[in-house]
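Beneath this line is the structure, given in structure tokens, with notes to follow.
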Amino acid sequence: MNNYKKVLTRIVVTMICFIVIALILIIPQFIKSILQIEEGDAISIVISAFEAVGLIVSLVIAIHQLIGSKEIARATFITELNKSYVENKEYIKLYNVLQRCFDKECPNKSTCNDKTECKLDFPKGDISNYLTFFETIYVLHKNGVVSFEIMDDLFAYRFFLAAHSKLVQQKKLKPQPNNFKNIYCLEKEWLDYRKSKGKDTDASVQSVYNTCLLKDLVSSEIYSRIIK
């Protein structure tokens, strides 16, 4: 099969070469008869035309290769970004705690409700670091490095699980809203994106995306000022 492909490639290349040579021989005569110019000038025109076409083809190939290399670099960067999350033990530890709470499997579930403070004793520094990871993603998004389409596939659940959790809101987002402006902006813009894609449209189904929204966490005045 490989030998067949090689032979076929050689035949195609040979045919193209013959066609190019034929065009070089025929076109000058055609131009000479149409424009009534000397044969040497006609040949010069044809050569210049082929050079221009060759330049255009080279530019197209170069642009295609550049775009391809950028896409490869972007894919590699996204992979490394995701890797930095999944390999961070503190992130995974907090994620597991938040998931247990969302699944109603928290050890304090018997005494915890919407009117009580979260009783989980989790380091504030680890919560801040988790939020900082998503602040970094927001900055990357604003600079055109990653799109919401990519972010939504990889990080949506991880982000909203935290941003809409009682633990994170009471420990950080409510008492220090100005310190997490990027989180508030990211949440709003991300929810707007998901809405534009027809996601989370069923309000009767509770999920990490439509419960405990940040706009309900602080006063409307503070929220409006933060997201501007």
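The values are calculated or read from the model by the stated rules, or taken from the named source; none is laboratory data. These numbers come from a predicted model, not from an experiment. FYI the Cβ positions are ideal-geometry reconstructions off the backbone, even for glycines, and counts take in every protein chain you see.
Can we say Thr132 is at pLDDT 90 or above and among the β-branched types (Val, Ile, Thr)?
Numbers: at pLDDT 90 or above: yes; among the β-branched types (Val, Ile, Thr): yes.
Considered against the rule, which asks whether it is at pLDDT 90 or above and among the β-branched types (Val, Ile, Thr), Thr132 comes out as yes.
From the list Glu187, Glu221, pick out the single residue that is touching a His at 6+ places or on another chain (Cβ under 9 Å), without any contact (Cβ under 8 Å) to a residue 40 or more places away in the chain and among the charged types (D, E, K, R).
Values: Glu221 fails: touching a His at 6+ places or on another chain (Cβ under 9 Å).
Exactly one of Glu187, Glu221 is touching a His at 6+ places or on another chain (Cβ under 9 Å), without any contact (Cβ under 8 Å) to a residue 40 or more places away in the chain and among the charged types (D, E, K, R), namely Glu187.
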On the basis of being under 20 Å from Leu161 (Cα atoms) and over 18 Å from the mean Cα position of the chain (by Cα), does Leu213 make the cut? yes
Scanning region 77-113 residue by residue, the ones that are modelled with pLDDT of 80 or more and in a helix (DSSP H, G or I) total 23
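Inspect all residues belonging to region 157-175 and state whether any of them is farther than 25 Å from Lys119 by Cβ, more than 17 Å from the chain's Cα centre (by Cα) and either touching a residue at least 12 places away in the same chain (Cβ under 8 Å) or not in a loop (DSSP other than H, G, I, E, B) (or both). Spell out how you get there, then give the answer.
Let us first name the residues in region 157-175 that are farther than 25 Å from Lys119 by Cβ, namely none.
Looking for residues that are farther than 25 Å from Lys119 by Cβ, more than 17 Å from the chain's Cα centre (by Cα) and either touching a residue at least 12 places away in the same chain (Cβ under 8 Å) or not in a loop (DSSP other than H, G, I, E, B) (or both), one finds none in region 157-175, hence no.
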Would a scan of region 186-198 turn up a residue that is of a type outside the set (Ser, Thr, Tyr), part of a loop (DSSP other than H, G, I, E, B) and either more than 17 Å from Leu213 (Cβ to Cβ) or at pLDDT 95 or above (or both)? yes
Sole exception among (1) within 23 Å of Phe102 (Cα to Cα); (2) among the hydrophobic types (A, V, I, L, M, F, W, C); (3) surrounded by 16 or more Cβ atoms within 10 Å (Cβ to Cβ) for Ala203, by number: (3)
